[in-house]
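The values are calculated or read from the model by the stated rules, or taken from the named source; none is laboratory data. Please read these numbers as outputs of a predicted model, since none were measured by experiment. Cβ placement follows ideal geometry from the backbone for every residue including glycine, while neighbour counts extend to all protein chains displayed. Surface accessibility is based on the protein's heavy atoms, side chains included, excluding ligands, DNA and RNA. Shrake-Rupley method; radii C 1.70, N 1.55, O 1.52, S 1.80 Å.
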Amino acid sequence: MNYKIVIEKPAQKFIAKQQLSQQKRILAAIKQLPDHGDIKVLKGSSDLFRLRVGDFRILYSVHNDLLIIRIIHIGNRGDIYKSF
């Protein structure tokens, strides 16, 4: 199944601030969702997931009924969880 990937504005801004090589790495990892990568369910939530890409964490939700993956936020390993 092909999922449509929607990247929210805060995640887009984070990607834009990164070096080109990091941008490519993050986007390549996002394109492999929902099946590949270091993925875990966030504690306390059954519908939020995190994808680890080096020192970055990508928080996203999956809507299987609509075949949509929403990239909610991307950030550094230590900072990302403080906002959620």
- Message: List the residue pairs whose Cβ atoms are under 7 Å apart, where the first residue sits in the stretch 1-13 and is part of a strand (DSSP E or B), the second is of a type outside the set (Asp, Glu) and exposed (fewer than 14 other Cβ atoms within 10 Å of the Cβ), and the two are 6 or more positions apart or on different chains.
- Response: Lys4/Leu67; Lys4/Ile68; Val6/Ile68
- Item | Pair list, Cβ under 7 Å, 6 or more apart: the stretch 61-78 residue closer than 19 Å to Gln22 by Cβ, other residue loosely packed, with under 12 Cβ neighbours inside 10 Å | His73/Ser83; Asn76/Asp55; Arg77/Asp55
- Item | Close pairs (9 angstrom Cβ cut-off, 6 or more residues apart or separate chains): of a type in the set (S, T, N, Q) in the stretch 20-48, open to solvent by less than 80 Å² (accessible area, probe 1.4 Å) and in a helix (DSSP H, G or I) anywhere | Gln22/Ile15; Gln23/Ile15; Gln23/Ala16
- Query: In this structure, is Ala11 open to solvent by less than 40 Å² (accessible area, probe 1.4 Å), under 16 Å from Asn76 (Cβ atoms), among the small types (Gly, Ala, Ser) and touching a Gly at 6+ places or on another chain (Cβ under 8 Å)?
  - Reply: no
- Sole exception among (1) under 18 Å from Asn76 (Cβ atoms); (2) open to solvent by less than 70 Å² (accessible area, probe 1.4 Å) for Arg25, by number: (2)
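Can we say Arg57 is free of Cβ contacts under 8 Å to residues at least 40 places away in the same chain, among the charged types (D, E, K, R) and part of a strand (DSSP E or B)?
Numbers: free of Cβ contacts under 8 Å to residues at least 40 places away in the same chain: yes; among the charged types (D, E, K, R): yes; part of a strand (DSSP E or B): yes.
When the stated conditions are applied, Arg57 passes them.
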- Query: With respect to the numbered conditions (1) in contact with a Ser or Thr (Cβ under 9 Å, 6 or more places away or on another chain); (2) without any contact (Cβ under 8 Å) to a residue 24 or more places away in the chain; (3) open to solvent by less than 30 Å² (accessible area, probe 1.4 Å), which one is the sole condition not fulfilled by Leu51?
  - Reply: (1)
- Item | Whichever residue in the stretch 28-45 is open to solvent by less than 40 Å² (accessible area, probe 1.4 Å) and over 15 Å from Ile74 (Cα atoms) and, among such residues, is farthest from the chain's Cα centre (by Cα) | Ser45
